[in-house]
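Structure, as structure tokens:
Quick note: the coordinates plus some simple rules give every number you see, no bench work behind them. Here the structure is a predicted model, which is why all the values come from computation and not from measurement. Counting neighbours? That spans all protein chains shown, and the Cβs are built from the backbone with ideal geometry, glycine included.
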Amino acid sequence: MTATGLMLPSRTAEPRSLSRLAASAAAVDGGVMSNPEVLAWLDRRRREHAQRVERVPFAALRGWGFDERTGDLRHASGRFFSVHGLRVRSDFGPVSAWSQPIIRQPEIGLLGIALRDFDGVPHLLMQAKPEPGNVNGVQLSPTVQATKSNYSRVHGGSAVPYLQLFRRAAPESVVADVLQSEQGSWFLRKRNRNMVVEVGPEAKAGEDFAWLTLGQVHALLRQDNLVNMDARTVLSCLPDWRQEDTRRALHTDREIRSWITRRRAEHEVEVVPIGLAETAGWHRTADEVAHERALYFKVVAVDVSSRRREVPSWSQPLLEPHGTGVVALFVRRVGGVPHALLRARAEPGFLDVVELGPTVQCVPENYTHLPAADQPPYLAEALARADGAAYDVVLSEEGGRFRNAQSRYLIIEAESDLPTVSDDFRWVTPCQLDELLHYSHHVNVQARTLVAALRAL
């Protein structure tokens, strides 16, 4: 970006880099570990990382408490994250005004994957990492997944392995490096630095880590609740090794950029931070902060013990959504060129009003009390055609902040006559998405998961 906010053309990845990534994607049975060995390693890590996660009353939280004046839930150190209130007015969606709790975590986290050649084929250093909110404990995560509080060791825990590979990376070793957002409905302006860095033979895999080809990771991405959200967002930031002729795209790159700018300028979203105690329609009990209709989500407290984490035991709040999300991407070929139907979404936690999301992104249970006209566009079509989806996998959202948060991710071949229902929707090519992913705050975290999944097909 320039000082005036104009998007400059990105640096195109070198052909050799793209061909190497293509070779890694084609290597479906890795050179370092075979697929059966990978599954056996994951099973061992699950047994080693068995953790106890127990819901407790807020009064049992160690180091956390509610502010007497505002009602905000925060850590005594002032670090990590806090839960505040937010008052929202928005012209996006069927509800124009509401209040809600939201997670505030101003620190920029680091999500990094190390890349190393074995016999000429790039392998990714992936981590088997437990999170207290995961439905199944251990999931496949990036080499490094850490907040600033984590790697600054505010909690007094052990050092984060491989951190310096990213913090001291030579410029020529960096394959991807971009700030990206997280869930704009649950986080207030949360960002992470997404990095992929090439390393040499000095980088060895510890017992919680494994060198996998891109093809092996793609196979694991087709299994429920196995590749975590942080790994998926970093994977999406890799240069797209599958090249197509963008001259035949339905919309030019300039038209797509202008459309995003227009939606940002025209959508009206006003957010006002308020105390958690002021959030209308939400009530705090001894063990949860919940909506009066039992919709959306609740904030709960958990106590955790784990033999293998940086800190062996701790307690913390988690946000627990009501219901499983549906996140669907309609795709089709236009003039022989693949396109995906993206939606310009305005969410209260976004830094820049609008980011591109999937065709459908919702928790259907949250809309059951609304009339048919207010149901999310294309939701009915997505559910009706889900059985024939090219991709249909249940995946977890970030297990360090969310409890049992799962979404059903779908990639569905669209009918040729599928209408575009409003100016919030556009058909965009994978190559155009790849270009937008070079920049911050253009493609939301749910759409980034589907970019990674699309490349895995």
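Can you show me the helix-derived [θ] at 222 nm for the chain, built from DSSP H runs with n ≥ 4 at -39,500 (n - 2.57) apiece and divided by the number of residues, rounded to the nearest 500. Please report the intermediate quantities before stating the final value.
Numbers: 10 runs with 90 residues, N = 457.
Result for the chain: -5500 deg cm²/dmol, rounded to the nearest 500.
Listed by chain and number, the lysines whose alpha-carbon sits under 28 Å from that of Lys298, ignoring those within fewer than 8 places in the same chain, are Lys129, Lys148, Lys190. DSSP finds beta bridges in the chain, and of those with both partners inside it, around 80 percent are antiparallel. Residue by residue, the range 400-417 carries 3J(HN,Hα) couplings of x, 10, 10, 9, 6, 8, 10, 9, 8, 8, 10, 10, 10, 6, 7, 5, 5, 9 Hz when phi is fed to the Karplus relation 6.51 cos²θ - 1.76 cosθ + 1.60 (θ = phi - 60°); x denotes Gly or Pro. Overall, the range 132-195 carries a charge dipole of about 260 debye about its Cα centre when +1 sits on the Cβ of Lys and Arg and -1 on the Cβ of Asp and Glu, all other atoms neutral.
Per-residue Karplus couplings for the range 347-358, computed as 6.51 cos²θ - 1.76 cosθ + 1.60 with θ equal to phi - 60°, are listed in order as 10, x, x, 5, 6, 10, 6, 10, 10, 6, x, x Hz, Gly and Pro entered as x. Each Lys and Arg Cβ is given +1 and each Asp and Glu Cβ -1; about its Cα centre, the range 299-457 then shows a dipole of about 520 debye. Put simply, when 135-142, 28-35, 93-100, 445-452 are sorted by average Cβ atoms within 10 angstrom per residue, most first, you get 445-452, 135-142, 28-35, 93-100.
Counting only DSSP beta bridges whose two residues both lie in the range 304-457, roughly 70 percent are antiparallel. In a DSSP loop and with at most 15 other Cβ atoms within 10 Å, the GluC sites (Glu not before Pro) in the range 353-422 are Glu415.
Expressed as a rounded percentage, what relative contact order does the range 23-139 have, with Cα pairs under 8 Å and six or more residues apart? Don't skip to the answer; put the middle values down first.
Details: 115 pairs, mean separation 26.6, N = 117.
Result for the range 23-139 is 23 percent.
With the charge dipole of the chain set up from +1 on Lys and Arg Cβ and -1 on Asp and Glu Cβ about the Cα centre, the Cα lying farthest toward the positive end among the listed residues Gly78, Ala50, Asn444 is that of Gly78. Dipole of the chain computed with +1 at Lys/Arg Cβ and -1 at Asp/Glu Cβ about the Cα centre; of Val38, Leu163, Ala249, farthest Cα towards the positive end is Leu163. 3J(HN,Hα) along the range 333-339: 9, 10, x, x, 9, x, 9 Hz, from the Karplus curve 6.51 cos²θ - 1.76 cosθ + 1.60 with θ = phi - 60°, whole Hz, x for Gly and Pro.
Values (i) 41, 26, 21; (ii) 32, 30, 20; (iii) 50, 26, 19 are given for comparison; semi-axes √(5λ) of the Cα gyration tensor in Å, derived from the coordinates here, is the one labelled (ii). Distances between placed amide hydrogens fall under 5 Å for Phe81 paired with His75, all partners being 5 or more residues away or on another chain.
How much length is gained if the chain between Val95 and Glu207 is pulled fully straight, taking 0.36 nm per residue apart and subtracting their Cα-Cα distance, in nm to one decimal?
Gain in length upon complete extension: 35.4 nm.
Each Lys and Arg Cβ is given +1 and each Asp and Glu Cβ -1; about its Cα centre, the range 233-392 then shows a dipole of about 620 debye.
Here the spin labels are modelled as points 7 Å beyond Cα on the Cα-Cβ line, and at Glu270 and Leu457 they lie 4.2 nm apart.
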